1. Out of K46, K17, K63, any idea which swings most in a Gaussian network model of the chain, alpha carbons joined below 10 Å?
2. How many lysine pairs does the chain hold where the Cα atoms are under 14 Å apart and the two sit 8 or more places apart or on different chains?
3. If each residue of separation counts as 0.36 nm, what is the full-extension length gain between T69 and E83 once their alpha-carbon separation is subtracted?
4. Over the alpha carbons of the stretch 4-84, what is the largest minus smallest coordinate on each principal axis, giving the biggest first in Å?
5. Per DSSP H run of at least 4 residues, take -39500 (n - 2.57); add these up for the chain, divide by its residues and hand me the 222 nm value, nearest 500 deg cm²/dmol.
Amino acid sequence: MDGLRLDKWLWFARFLKSRSMAQGLIESGEVRLNSQGVSKTSVAVKTGDEVVFYLGRRWRRVKIVGLGTRRGPAPEARTLYEELPPPDLPAPE
């Protein structure tokens, strides 16, 4: 697999309960992929990419280590990313 849509990956990794919620997060402008702001849900991610997003009143920073093929149970979802220290960014307004 070459890549996977960012909204689908966020859903596979169980950060959000639905793909439409993942799409809303991306469209809000609070997601960065490899230090670049993204607003298109269809942007492709691959292993090694770094994703930063604001969720649950805090910034999350993760490195993609797997793309996944489905939305599986939480233990399986945790194998798709490596948690990194959060960035020092202010909360969005």
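1. Taking springs between Cα atoms under 10 Å, the residue moving most is K17.
2. 4
3. 3.0 nm
4. Ordered largest first, the stretch 4-84 gives principal extents of 28, 25, 24 Å.
5. Value at 222 nm, helices only, nearest 500: -5000 deg cm²/dmol.
Readers should treat all values here as calculations from the given coordinates under stated rules, not as data from a laboratory. All values derive from a computational prediction rather than experimental measurement.
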